[in-house]
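As structure tokens, the structure follows; a few thoughts come after it.
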């Protein structure tokens, strides 16, 4: 389990770095940006909205390719 957590958080932190956000200790990344949900959906990326921010999360089935796709969809 610790290795899975490190992997998931590593992907999330890679995305955070691409978006100019500080690192965290969660596999969940929240982004407040106008139109973010629509851009992610247009790219075929599943996301949700919580407390006014778009939320994506990473797990074992995700790779750096997924991080790149999210960053591109968000304009980074």
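Each value in this text was obtained by applying a stated rule to the coordinates, not by laboratory testing. The model shown is predicted, which means the values in this text are computed figures rather than measured ones. Methodologically, a virtual Cβ is constructed for each residue, glycine included, from the backbone with ideal geometry; neighbour enumeration extends over all protein chains shown.
Overview of values
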{"read-out": "Filtered residue count, segment 31-50, keeping only those that are over 15 Å from residue 67 (Cβ atoms), buried (at least 17 other Cβ atoms within 10 Å of the Cβ) and in contact with a strand residue (DSSP E or B) (Cβ under 6 Å, 6 or more places away or on another chain)", "value": "2"}
{"read-out": "Enumeration of residues in segment 22-62 that are in a loop (DSSP other than H, G, I, E, B) and under 11 Å from the mean Cα position of the chain (by Cα)", "value": "26, 27, 45, 46, 47, 58, 59, 62"}
{"read-out": "Residues of segment 1-21 classified as more than 13 Å from the chain's Cα centre (by Cα), surrounded by 14 or more Cβ atoms within 10 Å (Cβ to Cβ) and over 14 Å from residue 66 (Cβ atoms), total", "value": "0"}
